[in-house]
1. When the chain is fully extended, how far beyond the present Cα-Cα distance does residue 306 get from residue 341, taking 0.36 nm per residue of separation?
2. Starting from the 7 Å offset along Cα-to-Cβ, what nm value, one decimal, do you get for the label separation of residue 461 and residue 432?
3. Could you let me know the centre-to-centre spacing of segment 283-345 and segment 148-203, using Cα atoms, in angstrom?
4. Label-point separation (nm) for residue 117 and residue 189, each offset 7 Å from Cα along Cα-to-Cβ?
5. Say R0 is 60 Å: what FRET efficiency, to the nearest 0.05, do residue 21 and residue 180 get from their beta-carbon distance?
6. Among 259, 5, rank each residue by its count of other Cβ atoms within 10 Å, from fewest to most, as a rough exposure measure.
7. Taking the chain as the reference, fit the longest principal axis to its C-alpha atoms, fit the long axis of helix 277-286 to the helix C-alpha atoms, and give the angle between the two in degrees, 0 to 90, nearest 10.
8. Suppose R0 equals 45 Å. What FRET efficiency, 1/(1 + (r/R0)^6) with r the Cβ-Cβ distance, do residue 145 and residue 391 give to the nearest 0.05?
Ligand code: XMP
C-alpha cells in the first residue's frame, strides 16, 4: 500500500547527519592500527584511490602504494594504456629486477655509456652467453680513455654476486660491507637471473609499510567494466585486484557478466557500486568477490541523486551492506565510496562497518593526480571530474565500446579543486586525523571501531556548532 512506504520510511543517514560519541579510552592515537584486508591483500592504510581519470594513473598508484594504501587505475583509456600504467607501477620498485639491461664484453664503452644515459641507470652487468663476466659502472665509463675501448677493458671482473634466495636484509648487509650499489643475482651455473640495486633496497627501508606483492613490487588495482572480459583478461598478468566500475551493480546483466569474470580471470574482484542490504546479500551468496564498493550518489562530483531522485548515501549504504556481510559471516571487505572528504567521514564509515574508504575528491588536488595545476585568481587548482560528467563520457564512449550509454544523461560534473601538494602529506594528515578519531572512540583497530563506536544524530543547527563559528578565520584577513 502506498502509505506503508511512508509509515515504515527508512532514514538514509549521510555523513553530515551524525557524529561519533567519545568513549572511555585506553588507546593513544599513536597506538592505533589501521591495517585492513581485501582478500589476500593487506593494507597498512585503509584507503583506495578512485578509478577516475583526474585521480588515479600510475603516478598516484605508485605514491599511494608506497604509503601503504592501494591505487585503482581508471579505465577511461585504451586497454594498452591501462596495462602500461600497471606495468609502470610494477617496475617502480622491485627488490630483484628481473628484466635486467646488460651489455657484452665486446660492446664499446660508448655504447654502454649511451645505454646508461638513455635508461638512466648507473651500472650494467656484462654478460657473455648468459653468464655474468663483469659489471661496468658510470665511473668505469667516465674514466675510460676513449669511447672506442671495449667493455671488457674497463669493467670490474671480480663481481660480488648473490643467489636468488637472498633476503632484503642480507642484500643490504653485503652492499654496505663492500660499499657497492649493484648486486647481480646469479643461479648455480653462473647465469644472470636478476639485479638488486641500492636504490630499491633503500626504498624498501624508507617505506616499510608499502603495499607490496610477493616479489616486493608495489601492488596495483585496475577498474573494468563488468562487460569487458577481454580487458580483464589482458590486465590479469599485471594487476593484483580488479574493481568493477559501474554505477548500479545490482542488475541481473551486470551480475551475470561479473560472474563470468570471476570464473575466467584469476585476479580477485571487488564488485560495485551497490547501496542496499539486498545487493550485498545477493553478491555475497552468488559471486566470489573480495570486496564491495558501496555508496551511490554521495560523491562530490555526483549528480545522480539530484538528476534521478535515487541515491544510497555512502554512510547508510555501508551500514546496510555491513549488515549483510555480518549476517552471512562473510569476510568480504566493505569499501565506503563517495563523500569521504577527510578523516571525519572515514571514521564514521568505519563505525558503520566499512573496512576501507575510497577517495576521489580528497586526492584529486594532489601533485600525483593526472594533469597540471592551474592558477585562477592567484590560487592553484586542479581539474576534477566525475566519470559520468559530459567531458569524461565523451572520451570513454570513444574508447570503450562496452560503455555505450544505456542511459542518455550525464551523472557528474567537472570542476576545480584546490591544489594540495604531494599526496604523501595529504595521506599522512588523513591517517593522523583518523587515528585521533579512533582514540576518542577508544578503538585500537578497525574491528574495535565497528564494535565500540556509538553514533548520534546531529541537527543542521548542531552541524554549524561543531564547525568553527562566529570567529572569522585568520587566513581570510591575509591577501
Ligand atoms: P568523492 O566524494 O571522493 O567520490 O569525490 C568519488 C566517487 O564518486 C563516484 N563517481 C561518480 N558518481 N557520477 C556519480 O554519480 C559521476 O560522474 C561519478 N564519478 C565518480 C565513484 O564511486 C568515485 O569513487
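1. Stretched fully, the residue 306-residue 341 segment lengthens by 10.7 nm.
2. Rounded to a tenth, the inter-label distance reads 3.6 nm.
3. Cα centres, segment 283-345 to segment 148-203: 48 Å.
4. Output for this residue pair reads 3.8 nm.
5. Calculated value: 0.55.
6. The most exposed by this proxy come first: 5, 259.
7. With rounding to tens, the tilt is 40 degrees.
8. Computed FRET efficiency for residue 145 and residue 391 comes out at 0.15.
Read-outs: derived from the displayed coordinates by stated rules, not from any lab. Remember, predicted model here, so these are calculated numbers, not experimental data. Cβ atoms come from the backbone with ideal geometry, glycine included; neighbour counts cover every protein chain shown.
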